[in-house]
Amino acid sequence: MKRLVGIAAAVLAATLAWSAAAEKLKVGFVYIGPVGDHGWTYAHDQGRRALEKELGGKIETVYIENVPEGADAERAIERLARQGAKLIFTTSFGYMNPTLKVAKRFPDVKFEHATGYKRSANVSSYNARFHEGRYVNGQIAARMSKSGTAGYIASFPIPEVVMGINAFMLGAQTVNPNFKLKVVWVNSWFDPGKEADAAKVLIGQGADILTQHTDSTAPLQIAQKEGASAFGQASDMIAFAPKAQLTAIINNWAPYYIARTKAVLDGTWTSSDTWNGMAAGTVRMAPYTNMPDDVAAQAKKTEAMIASGEINPFAGPIHRQDGTLAVPEGKVMDDGTLLGINWYVKGIDDSLPK
Amino acid sequence: MGALEAVILTIIAASTPLLLAATGELVTERSGVLNLGVEGMMIMGAVCSFAAAYVSGSAPVGILAGLAAGVAMSMLFAFLTQTLMTSQVATGLSLTLLGLGLSGLIGEGFTGLPGVKLAPVQIPVLSGIPFIGPILFGQDILVYASLALTAAVGYVLFRTRTGLVINAVGGNHQSAHALGYGVIRVRYACIAFGGGCSGLAGAYLSLAYTPQWVENMSAGRGWIALALVVFATWLPGRLFVGAYLFGTVWIMGLYVQGLGVAVPSQLLSSLPYLVTIAVLIVISGNKALITVNTPACIGQPFAPER
C-alpha cells in the first residue's frame, strides 16, 4: 500500500515535471527505506537535494522510497525509466539484478547502482569506503570502553558488512590488542524493534560501546537510556542521542551525484566503478562528541591519515580468526579480496553465519 | 544492572505488544468474530499515539490516541462485518492493508523525529529493590495494563455473567439470540475491545519499545498475536505463556549470538515461531478441551432465523 502511495506520488511528480520542462534532464532515485530514516536512505536523499541545488536549472529529480528488494524493485526502476528519467540511481545492494534487467530494456538510459559489483554498458556501480570510518570508530571504542567490549549489531553476512566488522576490530586492536567484540545478526536492514532488542542484549552482556550496520536510530536511543555510548550510522544521529553518540560515519554522496549528472549533461558519461572514501570526501565523520579531548585528537589524526593515504585500515599483518596469515606485513589487502571478504579477523568473538 | 536482569527486562518489552494485541483478539474471537486486521489496527495505534504524543508532548495523551485509533479501525470492521455482513476474512485482511497504507500517510511528517518516551511507573521504595525492583515495580503502565487485562479477561470470561454471554454468542449465536441476548451488540463491544487492545499494543511500540515512528514498524507482530490466540486454544492463561515464550526465545536467540555460540543466526530468527507453536500444540493436546474452548460460530455472520 505504502509502495502504491509512493509510486503514485512519483508518477504525479514525474508528470508535473514532464509538463513543466520537457528539456530538463530527469534524474531518478530508488530508495530502500523512507527518506526520513535518518540513516542510509536519508543520506542518499541529502545527495539528491544537493544535486538539485547545484544543477537546479538543468535537471529535475524524482524519487521512489520504500521500494523492497526483488520483483517490486524492477517495477519501480522501470517506472522511472518509462517516465523519462535518463539517469537513475538505485541505492541498495539488492537492486543490482533488477537494475541490470531494466537497463537491458532501456539502452539509452544511464543507470548507477550503489554497493553492487555487476556492471554493463549503461550500468555503473558506486560505493563508499565506509570501513575507513569504522576503523576510526574502532579506535575510539577501544579508548572509551571501560569493559573492553563493544557490541556490533549486524544485518546480513555479506562482504560489505563483514568488511565493516573487521575494520572496526582492526582499529580497536591498534589501541587494545585484547579488545573484545560481540556481534549480533538481526537479519534485517531496518527493524527498530529488533535493533533495540539486540542493543539491550549486548549492553546486558557487558558491551559499553555499540555500533551498528543497520539503519535505524533505535540502538543509539537504547545506548543513551542505558548509559552506554554508540556511533551513528550513515548520517549524524546526534539529535537522537546527544549524550551517547561519539561520532557518526556520514555518507556524503553529493559530490558523486553531481559529478555523474554533469557527465550525462556533457555527454561524457561512461560505465565505471567508483569506490571512494575519506580522500574524496564521500565518507566523513560527524563531530567527535562525548569523549575526552585527547581521544578526539587521536581520532582526528587517524581520520586525516586515512584521507592522506598514510593509514590503510587493511594493511598487514592481518590474521584470520583461525590464526592464519591473510595479509603479510608491508602489504595491503587489494580491493578485489576486500570486496569478497567472508572471514573475520583474529580476535572477533563470533562465528560468521554462512 | 546484571545480565539476567537486563535479559528479563528485554523479554518483557518484546512480549508486551504481543500479549496486548492477542488478549484483545481473544475476546473478539470468543464472541465468534475473526478479525484478521490486528496488524492494521496495531500500526494505526502506533502512528496515532506517536503523533498525538509528539504534538502534545504527553505520553498519556499518546496512549489514549492509540486506543482511540484501534477502536475506530475496529468499528469500521464491525460496521462492515456485523451490520453489512461482509466476509470477516476478506474485511480483516483489507483492514490490515488499509492500516499499513493509511499509517504511512499519517506518519509521513513524523518519520525520524525523536519521540516522547513513556516513562516507567516508579513505585517508591519497591522499585529501588535490587533485581526484582526494576523487573516487578519499575515497568511502564502499558506492561502492567497488559498483565492486568489478561487476568481480567480470564476472570470475566469464566467467572462472570458477561463472560457467559460472550461465550454463548460465540458458541451458538442462534441460541443466544433466542434467549434474548443482542448478538450483534455483544459482538460490536467485543470487536471494540479487540481494537482498543491492538491500539494499545501499537502505542507500546511507538512510545515505549522504540520511541519513534517508522513505517511498518509493527513488522508482523499483529500476525504473531493472531496465531498465538489459536495456538493458546482461546485460553488467556495459555496466551500469557505463549506470548512470553515467544519473547523469551526471540531474546535468547540474540543473547546466544552475543555470547559467540556457533548457531546460524537465521535459525535463531525462526526459532521463536517453531518453539511457540510446538509448545502450545503440546499443551493443547487435550482434544475435548479444544472442542469446548473453540468458539463454534467463529467467522460466521449472524442473521436471526425466522
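The values are calculated or read from the model by the stated rules, or taken from the named source; none is laboratory data. As the structure is a prediction and not an experimental result, all values here were calculated from the model. Positions of Cβ are backbone-derived with ideal geometry, glycine not excepted, and every protein chain shown enters the neighbour counts.
Look at residue A:261 and say whether it is out of contact with any His (no Cβ under 7 Å at 6 or more places or on another chain), in a helix (DSSP H, G or I), more than 17 Å from residue B:212 (Cβ to Cβ) and among the polar types (S, T, N, Q). Give the derivation first.
On the way: out of contact with any His (no Cβ under 7 Å at 6 or more places or on another chain): yes; in a helix (DSSP H, G or I): yes; more than 17 Å from residue B:212 (Cβ to Cβ): yes; among the polar types (S, T, N, Q): yes.
It is true that residue A:261 is out of contact with any His (no Cβ under 7 Å at 6 or more places or on another chain), in a helix (DSSP H, G or I), more than 17 Å from residue B:212 (Cβ to Cβ) and among the polar types (S, T, N, Q).
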Single residue of A:189, A:253 found to be within 13 Å of chain B (Cβ to nearest Cβ) and under 23 Å from residue A:66 (Cα atoms): A:189
I'd like to check something: does segment A:229-239 contain any residue that is in a loop (DSSP other than H, G, I, E, B), within 13 Å of another protein chain (Cβ to nearest Cβ) and farther than 28 Å from residue B:12 by Cβ? yes
In segment B:261-299, the residues that are within 14 Å of chain A (Cβ to nearest Cβ) and surrounded by fewer than 16 Cβ atoms within 10 Å (Cβ to Cβ): B:261, B:262, B:263, B:264, B:266, B:267, B:270, B:273
Scan segment A:196-220 residue by residue and report those that are part of a helix (DSSP H, G or I), in contact (Cβ under 8 Å) with a residue 12 or more places away in the chain and either out of contact with any strand residue (DSSP E or B) (no Cβ under 6 Å at 6 or more places or on another chain) or at the interface with another protein chain (Cβ under 7 Å from one of its Cβ atoms) (or both). A:196, A:198, A:200, A:201, A:202, A:203, A:218
Number of the exception - residue A:178 against (1) over 21 Å from residue B:11 (Cβ atoms); (2) at pLDDT 90 or above; (3) within 12 Å of another protein chain (Cβ to nearest Cβ); (4) surrounded by fewer than 24 Cβ atoms within 10 Å (Cβ to Cβ): (3)
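Looking only at segment A:45-80, filter to residues that are of a type outside the set (Phe, Trp, Tyr) and touching a Phe, Trp or Tyr at 6+ places or on another chain (Cβ under 6 Å); which one of those is nearest to the other protein chains (Cβ to nearest Cβ)? It would help to see each step written out before you state the result.
Here is the first cut: in segment A:45-80, the ones of a type outside the set (Phe, Trp, Tyr) are A:45-62, A:64-80.
This time we only want the ones that are touching a Phe, Trp or Tyr at 6+ places or on another chain (Cβ under 6 Å), so: A:47-48, A:51, A:65, A:73.
Values: A:47: 17, A:48: 16, A:51: 21, A:65: 9, A:73: 17 Å.
Of everything passing the filter in segment A:45-80, A:65 is nearest to the other protein chains (Cβ to nearest Cβ).
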All but one of (1) among the polar types (S, T, N, Q); (2) buried (at least 24 other Cβ atoms within 10 Å of the Cβ); (3) outside any loop (DSSP other than H, G, I, E, B); (4) at the interface with chain A (Cβ under 7 Å from one of its Cβ atoms) hold for residue B:212; which doesn't? (3)
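Looking at the structure I just gave you, is residue B:250 within 14 Å of chain A (Cβ to nearest Cβ) and either touching a residue at least 40 places away in the same chain (Cβ under 8 Å) or under 15 Å from the mean Cα position of the chain (by Cα) (or both)?
Numbers: within 14 Å of chain A (Cβ to nearest Cβ): yes; either touching a residue at least 40 places away in the same chain (Cβ under 8 Å) or under 15 Å from the mean Cα position of the chain (by Cα) (or both): yes.
Judged against the criteria, residue B:250 is a match.
So which strands (runs of 3 or more DSSP E) are wholly in segment A:264-354 and hold at least 1 residues that are within 22 Å of residue A:232 (Cβ to Cβ) and out of contact with any Ser or Thr (no Cβ under 9 Å at 6 or more places or on another chain)? Reasoning before the result, please.
On the way: elements: A:273-276, A:283-285, A:325-327.
Answer list for segment A:264-354: A:283-285.
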Looking for whichever is closer than 27 Å to residue A:218 by Cβ, in contact with a Cys (Cβ under 8 Å, 6 or more places away or on another chain), away from chain A (no Cβ under 14 Å) and of a type in the set (A, V, I, L, M) here; the options are B:69, B:145, B:52. Which one fits? B:69
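It is to be established whether one or more residues within segment B:145-153 are buried (at least 24 other Cβ atoms within 10 Å of the Cβ) and in contact with a Phe, Trp or Tyr (Cβ under 6 Å, 6 or more places away or on another chain). Walk me through it before giving the result.
Residues of segment B:145-153 buried (at least 24 other Cβ atoms within 10 Å of the Cβ): B:146.
Checking which are in contact with a Phe, Trp or Tyr (Cβ under 6 Å, 6 or more places away or on another chain) leaves us with none.
Within segment B:145-153, not a single residue is buried (at least 24 other Cβ atoms within 10 Å of the Cβ) and in contact with a Phe, Trp or Tyr (Cβ under 6 Å, 6 or more places away or on another chain).
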Single match in B:91, B:81, B:96 (criterion: within 14 Å of another protein chain (Cβ to nearest Cβ) and under 21 Å from the mean Cα position of the chain (by Cα)): B:96
